[in-house]
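Everything below concerns the one structure shown next.
The values are calculated or read from the model by the stated rules, or taken from the named source; none is laboratory data. Since we're looking at a predicted model, the values are computed, not measured. Glycine also receives a Cβ, built like all others from the backbone with ideal geometry; neighbour counts cover every protein chain displayed. What goes into the accessible areas is simple: the full protein's heavy atoms, side chains included, and nothing from ligands, DNA or RNA. Shrake-Rupley method; radii C 1.70, N 1.55, O 1.52, S 1.80 Å.
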Amino acid sequence: MSMLSVFKGLAIGLGTWNMGERASAAQPEVAAIRHALERGVRLIDTAEMYADGGAERRVGEALKAYGANRRDELCIVTKVLPQNASRTGTIPACEASLRRLGLDHVDIYLLHWEGRVPYEQTLEAFAELRERGLIRHWGVSNFDLPQLEQWCATEQRLGLSGCATNQVYYSLLARGPEFDLLPAMTAKGMPLMAYTPLGSGELAEDEQLAAIGRPLGLTAAQLALAWVVRSGAVVAIPKSSTPARIDENFAAAQVVLPPEVRAQIDALYPPPKRKQSLQMV
Ligand SMILES: NC(=O)c1ccc[n+]([C@@H]2O[C@H](COP(=O)([O-])OP(=O)(O)OC[C@H]3O[C@@H](n4cnc5c(N)ncnc54)[C@H](OP(=O)(O)O)[C@@H]3O)[C@@H](O)[C@H]2O)c1
């Protein structure tokens with residue numbers, strides 16, 4: 001089975017950070033998410049934090065138009081804020097996310113980053129949510145390897161299993177996870193969700209990447225995305241509210257980079273030689 005099966009098998013999804021901030025952008029943002037769904041994007045990433053629930057509402061609007069009968073084709077991911085992630089706080093936070101999304105469950109529910117709540121409490125709440133069918137899977141975000149190991153050990157101690165993923169900043173501008181986190185996750189069979197895979201858009205403007213991609217008929221953004229997902233153990237969630245860019249980004253899921261192209265990319269953005277602390281955006 002593919003390591004990406006929990007994400008419906010596709011290596012490129014859609015991020016939604018910065019959506020839902022402005023009422024005037026509601027129509028184009030909802031249209032962009034619908035466009036993505038209609039073009040075959042199966043994974044949508046959002047969070048209760050984004051625009052204070054506004055991004056989840058945009059996703060909810062787009063999903064309404066997409067059709068409830070096609071819900072099982074999709075992987076909808078949202079996140080609980082650390083300050084809400086207590087045994088009792090997580091449940092209403094998830095229920096509020098579901099109301100904004102207009103869904104009866106999310107596919108993966110992530111702890112957005114580590115806060116002060118002990119892992120046990122968050123995990124007990126996640127287990128209750130899974131038991132009640134409000135979430136299918138849980139996971140974490142912004143966890144470096146020692147945190148992830150401690151989280152998994154806590155799961156084991158509680159007799160639970162199921163950390164589906166760890167969502168971290170991973171791009172050509174942030175290759176640190178390749179040193180230890182990504183290999184360790186891959187060994188556990190746990191896929192990595194790469195956030196900010198375009199370096200907030202910077203990599204799409206990279207002239208040197210564009211020059212490498214040109215002979216292959218690829219844009220700089222496509223090269224950056226195809227590179228992030230090259231191992232088959234990583235899914236990337238570029239954000240765009242622009243339909244043409246959504247198409248461009250999604251097409252990168254089909255690209256296999258030849259070894260000589262990977263070598264050219266490594267020369268531009270070298271792999272890490274030692275442990276780097278995990279970067280956060
Ligand atoms: N877990 C976490 O802590 C965390 C942190 C950060 C991000 N995330 C998630 O990861 C997602 C992606 O990260 P991100 O939004 O920070 O950054 P990103 O996806 O690396 O870049 C998004 C920016 O790039 C532009 N862009 C997208 N495709 C493009 C293309 N083909 N050509 C040129 N420009 C392009 C977008 O503009 P337009 O929209 O105007 O097209 C937007 O300004 C977020 O939306 C969020 O869902 C999670």
Checklist entry - Do the sum for the chain: with -39,500 (n - 2.57) for every DSSP H run of n ≥ 4, divided by all residues, what is the mean residue ellipticity at 222 nm, to the nearest 500 deg cm²/dmol? => result -11500 deg cm²/dmol
Checklist entry - Rounded if a/c is under 1.5, else prolate if a/b beats b/c, else oblate: with a ≥ b ≥ c from the C-alpha gyration tensor eigenvalues square-rooted, which is region 60-160? => result prolate
Checklist outcome for this item: With Arg100 itself left out, Lys, Arg at +1 and Asp, Glu at -1 over residues whose Cβ is under 15 Å from its Cβ give -4
Item to check | 11 Å beta-carbon shell around Thr242, net charge (K/R +1, D/E -1) | outcome: -1
Next on the checklist: Between Lys64 and Val281, what is the label-point separation in nm under the 7 Å Cα-to-beta-carbon projection?
Outcome noted: 2.9
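List the relative contact order of the chain as a percent without decimals, with contacts defined as Cα pairs under 8 Å and 6+ residues apart. Each step should come with its number before you reach the end.
Values: 528 pairs, mean separation 57.7, N = 281.
Averaging sequence separation for qualifying contacts and normalising by length gives 21 percent for the chain.
Subtract the Cα-Cα distance of Thr88 and Gln121 from 0.36 nm times their separation in residues, and report this length gain in nm to one decimal.
11.0 nm
Just to be sure I follow the definition: excluding the sites themselves, where is the longest run in the chain that has none of the trypsin sites (Lys or Arg not before Pro) in a DSSP loop with at most 14 other Cβ atoms within 10 Å?
Details: sites that count: Arg22, Arg116, Arg132, Lys273, Arg274, Lys275.
That gives 133-272 as the longest site-free run.
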Checklist outcome for this item: Note, region 231-241: 3J(HN,Hα) by Karplus (6.51, -1.76, 1.60, θ = phi - 60°), whole Hz, Gly/Pro = x, goes 7, x, 10, 10, 10, 10, 10, x, 9, 8, 9
Checklist entry - Looking at the square roots a ≥ b ≥ c of the eigenvalues of the Cα gyration tensor of the chain, which shape do they give, rounded for a/c under 1.5, prolate if a/b is larger than b/c, or oblate? => result oblate
Checklist entry - At a Förster radius of 22 Å, what calculated FRET efficiency corresponds to the Cβ-Cβ distance of Glu205 and Asp52, to the nearest 0.05? => result 0.15
Checklist outcome for this item: Taking the chain, the lysine pairs whose C-alpha atoms sit under 20 Å apart (8 or more places apart or on different chains) add up to 6
Checklist entry - Is any residue of region 106-129 close enough, with backbone N under 20 Å, to a label point placed 7 angstrom from the Cα of Thr154 along the Cα-Cβ axis, and if so, which? => result 108-129
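Keeping the other protein chains in place, figure out the carbon and sulfur percent of the accessible area of region 90-224, with a 1.4 Å probe.
Numbers: 2610 of 5320 Å².
Roughly 49 percent, rounded to a whole number.
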Item to check | Most mobile listed residue (Asp180, Asp72, Asp247) in the chain, GNM with C-alpha springs under 10 Å | outcome: Asp72
Next on the checklist: Net charge within 11 Å of Gly199 by Cβ-Cβ distance, Lys/Arg positive one each and Asp/Glu negative one each, not counting Gly199 itself?
Outcome noted: -3
Checklist entry - For region 178-264, how big is Rg over Rh, using alpha carbon atoms and the Kirkwood form of Rh? => result 0.97
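Given 0.36 nm per residue, what is the gain on full extension from Thr186 to Gln27 after removing their alpha carbon distance, in nm? All intermediate terms of the calculation are to be shown ahead of the outcome.
Values: separation 159, 0.36 × 159 = 57.24 nm, distance 3.91 nm.
Computed gain between Thr186 and Gln27 is 53.3 nm.
Report the full-extension gain for the segment Ser2 to Arg262: residue separation times 0.36 nm, less the Cα-Cα distance, to one decimal in nm.
Values: separation 260, 0.36 × 260 = 93.60 nm, distance 2.25 nm.
Length gained, Ser2 through Arg262: 91.3 nm.
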Next on the checklist: With both bridge residues required to lie in the chain, what share of the DSSP beta bridges run antiparallel, to the nearest 5%?
Outcome noted: 5
